[in-house]
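Every number in this text was worked out from the coordinates using simple rules, so none of it is lab data. Values in this document were obtained by computation on a predicted structure and should not be read as measured data.
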């Protein structure tokens with residue numbers, strides 16, 4: 001049985017989150033949380049939060065043991081982009097794209 005957790009509109013660009021996601025793909029939940037604790041990026045904190053949420057969903061809603069869980073699927077997809085503009089010289093303007101990420105984690109029993 002697969003149990004999911006999703007974090008939408010995380011305020012970090014997907015390119016940065018994918019680096020943290022690739023380090024924990026396919027690992028056990030406890031091992032993944034230990035690895036993410038020592039990664040020096042804010043993206044690691046966001047990914048760890050979603051993994052903890054998926055493990056809590058499995059424990060509380062489906063009575064699965066958290067010691068037997070492993071990460072089945074983990075995705076970092078592009079969320080919505082906020083478009084802002086910055087004035088430049090000579091009456092011109094340049095766009096600023098504030099990207100966000102949607103992180104999806106599925107866990108299952110070993």
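Laid out as a table, the results:
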item	result
Rel. contact order, % - alpha carbon contacts under 8 angstrom, at least six apart, the stretch 7-110	37
Fluctuation leader among 82, 36, 64 - the chain, Gaussian network, Cα springs under 10 angstrom	82
Calculated P(r) of the chain - Cα pairs past 24 Å, %	32
Chain lengthening between residue 22 and residue 97 when straightened (0.36 nm per residue, less Cα-Cα)	24.6 nm
